[in-house]
Amino acid sequence: MKKRFVFPVITALVISNLGFFLAWKSEQSNRLYYDYAIPHVDLTSAMGFYGIDTQNGELVTSRNKGAVAFGKLTGFVRFSDVTSQPRDARQYYTIEATDTYDDSGVQIFTLVTTLKLNAIAPRSFDEEALTVISNTDQFVSLQNKAGDSFRINKRTREVAITDAGGDAASLITTQSDYKDFIFRLLK
C-alpha cells in the first residue's frame, strides 16, 4: 500500500518541478529580450523648425535667414532591409542644429555616430558637419562629406537616411518604437 502512495507523490513532484523550471526558463528568455530593448543612448525627437513650429501660439522665427532648425534628434538606425540589420550591434545617430553658418549663410548641422557592440561599451565618434542640400516647407535634406543624405520631415520628425552606396535606413526616435522593433528583430 505504501508503494502505491509513494509513486504518485514522486510523479506529482517531478511534474510540478518540471513546470516551475519551464516557467522560469521562459521568464529568463523574455528578460533577455527586455534587456536588449533598452537603448544605450537617450532617444530624442527634440528638433524644432523655424517657420513651421509655434511657441505660445506664435510662429517661431529666426533673425538669420539661413536658420533652419533648433534642437536635436537622436535615434537608432533601422535598416530598411531587416535581414541585414546586425543583431549583435547597435548604431545610433545624433543630428543637432548648431548656431554656426556656412559661407553662404545657411545653418550647419552636426552628426555624431554612436556604436554599441554586445561585449563593448558604447563609443561615440567625432562630430561631422552636415550641410543643408534643400529646405522646403515639408522636408530639410542634409548631407555629409561621405555623401550620406538625411531627409527630415519637419512635421513628423521622421528621418530617412540614404548612404552613399544607395542603401536606405531610418531613425527610430521613440522608446516604444525601438522596443517593438527589437522584439521583432530578435524573435
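In the P(r) worked out for the range 107-158, what percent of Cα pairs fall beyond 12 Å?
Of all Cα-Cα pairs in the range 107-158, 68 percent lie more than 12 Å apart.
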*Hits among aspartates and glutamates - C-alpha to C-alpha of LYS116 under 16 Å, sequence gap 8 or more where chains match*: ASP35, ASP42, ASP88, ASP126
*Would you mind ranking TYR101, TYR50, TYR92 so that the residue whose beta carbon has the fewest other beta carbons within 10 Å leads the list?*
TYR101, TYR50, TYR92
*asked:* As a footprinting exposure proxy, order PHE139, PHE7 by other Cβ within 10 Å, with the fewest listed first.
replied: PHE7, PHE139
*Give me the distance in nm between label points sitting 7 Å out from Cα along the Cα-to-Cβ direction at ASP167 and ALA146, one decimal.*
1.0 nm
*Applying 1/(1 + (r/R0)^6) with R0 = 22 Å to the Cβ-Cβ distance of THR156 and LEU117, what FRET efficiency is obtained, to the nearest 0.05?*
0.10
*Stokes-Einstein translational diffusion, the range 68-133 - Kirkwood Rh over all Cα pairs, 0.890 mPa s, 25 °C, in µm²/s*: 182 µm²/s
*Over the Cα atoms of the range 40-186, what Rg and Dmax result, in angstrom?*
15.8, 48
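Each value in this text was obtained by applying a stated rule to the coordinates, not by laboratory testing. Bear in mind the structure is a predicted one, so any value in this text is a computation, not a measurement. Glycine also receives a Cβ, built like all others from the backbone with ideal geometry; neighbour counts cover every protein chain displayed.
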